[in-house]
Ligand SMILES: Cc1cc2nc3c(=O)[nH]c(=O)nc-3n(C[C@H](O)[C@H](O)[C@H](O)COP(=O)(O)OP(=O)(O)OC[C@H]3O[C@@H](n4cnc5c(N)ncnc54)[C@H](O)[C@@H]3O)c2cc1C
């Protein structure tokens, strides 16, 4: 019997871990096989991306290597491009199939579909060319390098227009990702400015654009208002009820009429279900999420399961009918555990469990020693909230190995100065050699763009 898990994120990793533990005997005897298909050989602990961008955690420690933790599973690096569930077959593209031009078909008995979400963008002029998201490790590290590089550009030019655009950073979307990314990067850049003789923190413009009248809805209204006040106190220009209308020609034009020449537009205005869902014969709701039951089976379909950002799971704890669980890690992790258990129940012909979890609130970091939290009814601000954020995520990041490494990094960071170097050239390892070999480098060997 083969269980195919599509996605190696929160749901994929935790479901596989649960199944690995519960089906130990069957796996040992070869009676069950778990195959995890993921484009990356690691699970990304997304709540640590803002700290990775600020340089507080090394990129390697933000990810969990799938092969190491899923020892009893078969990890296949590739992307599922289509699923024909009626025939119990998935089409998979791997690096090998890309080279050969052929695709691979994998048959299965049980399907766990958890490809997560992607950035929800709008057709805004210039966004596709100049915007950057904040969902992956590559984006977080790329943004860190980019911000430091802008400071280098500003420091090395006498042209006020170039300098001004380099030192203007626009973030669109006031949810978790946008607020934490902006809070951490502004804090890092403010610190880094002390090493530039001609760039001062007050020369930089950090702008947060949010379409609704509040930010960080995850921490409640009062803490959201506190976050606005705190960010403004740090000279961050928070613009509520405002939209980005264009960023063509490297000028961010806002709905309130403001125009900011800028080389940095970070798009964190929400997520939408992964488009691969449309390449399946599974039922989707109006917003493209996989229709699931509170038992995490796919609605009306046998032998198919879903959870996480990609799935519309009824929230049985919500008073209003038709509510779905929100796309966040709090639900994804807990759903994965129920999902793993329910697959085992189904195989043993036992009744399935219902997923019921009441959102307990959230913690968010706004930079070193700064934070905001609203968890289990308790509201915290500043240092206590930031400390709670660290304790909470340290307890949540998977594996003891990662916990130890992250803790070691935080401890060392408390003893030494912050890292403020841009390693943008790592993204173009062949550029220097192309130049040496007499060719025309496709990019600047020093990595500037
Ligand atoms: C910056 C940031 C900070 C966050 N902070 C918090 C927080 O503090 N608290 C909180 O509760 N939530 C937070 N979240 C949200 C949380 O990370 C997500 O809700 C969670 O990751 C959802 O889990 P998932 O398994 O559904 O998707 P993911 O974890 O995104 O996993 C999906 C996986 O599927 C893979 N995949 C995609 N397409 C395919 C395909 N075709 N074939 C095979 N595999 C595929 C992807 O590569 C990925 O590995 C944050 C998110 C971000 C971006």
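The values are calculated or read from the model by the stated rules, or taken from the named source; none is laboratory data. For clarity, every value in this text was computed on a predicted model and none was experimentally measured. Every residue, glycine as well, gets a Cβ built from its backbone with ideal geometry; the counts of neighbours run over all protein chains shown.
Assorted remarks:
- Exclusive hit being touching a strand residue (DSSP E or B) at 6+ places or on another chain (Cβ under 8 Å) and more than 14 Å from the ligand (Cβ to nearest atom), set 33, 26, 51, 71: 33
- Complete set of residues in the range 80-97 that are more than 16 Å from residue 276 (Cβ to Cβ) and not in a helix (DSSP H, G or I): 88
- Against the list (1) under 30 Å from residue 299 (Cα atoms); (2) over 18 Å from the mean Cα position of the chain (by Cα); (3) surrounded by 14 or more Cβ atoms within 10 Å (Cβ to Cβ), the condition residue 152 fails is (1).
- For the range 179-236, a residue qualifies if it is closer than 14 Å to residue 366 by Cβ, in contact with a strand residue (DSSP E or B) (Cβ under 6 Å, 6 or more places away or on another chain) and surrounded by fewer than 18 Cβ atoms within 10 Å (Cβ to Cβ), and exactly one does: 232.
- Take the conditions (1) surrounded by fewer than 18 Cβ atoms within 10 Å (Cβ to Cβ); (2) in contact with a strand residue (DSSP E or B) (Cβ under 8 Å, 6 or more places away or on another chain); residue 167 misses just one of them, which is (1).
- Any chance residue 64 is within 14 Å of the ligand (Cβ to nearest atom) and surrounded by fewer than 22 Cβ atoms within 10 Å (Cβ to Cβ): yes
- Among the residues of the range 379-406, those identified as exposed (fewer than 14 other Cβ atoms within 10 Å of the Cβ) and within 21 Å of the chain's Cα centre (by Cα) are 391, 395.
- Counted residues, the range 297-327 - those being in a loop (DSSP other than H, G, I, E, B), closer than 23 Å to residue 362 by Cβ, in contact (Cβ under 8 Å) with a residue 40 or more places away in the chain and in contact with a strand residue (DSSP E or B) (Cβ under 8 Å, 6 or more places away or on another chain): 3
- Pairing each residue of the range 262-274 that is under 9 Å from residue 117 (Cβ atoms) with any residue that is more than 12 Å from the ligand (Cβ to nearest atom) and assigned to a strand (DSSP E or B), provided the two are 6+ apart or on different chains, yields C-beta distances under 8 Å for 273/284.
- Set 55, 7, 12: member being surrounded by 18 or more Cβ atoms within 10 Å (Cβ to Cβ), modelled with pLDDT of 95 or more and at positive phi: 7
- Those residues of the range 93-107 which are modelled with pLDDT of 95 or more and either touching a helix residue (DSSP H, G or I) at 6+ places or on another chain (Cβ under 7 Å) or closer than 17 Å to residue 12 by Cα (or both), in sequence order: none
- For the range 411-425, a tally of residues being closer than 22 Å to residue 139 by Cα and either loosely packed, with under 14 Cβ neighbours inside 10 Å or in contact (Cβ under 8 Å) with a residue 40 or more places away in the chain (or both) returns 7.
- Taking the range 77-96 as the range and being within 13 Å of the ligand (Cβ to nearest atom), free of Cβ contacts under 8 Å to residues at least 60 places away in the same chain and either within 21 Å of the chain's Cα centre (by Cα) or surrounded by fewer than 16 Cβ atoms within 10 Å (Cβ to Cβ) (or both) as the test, the residues that pass are 77, 78.
- All positions within the range 278-288 that are buried (at least 17 other Cβ atoms within 10 Å of the Cβ) and either near the ligand (Cβ under 9 Å from one of its atoms) or modelled with pLDDT under 95 (or both): none
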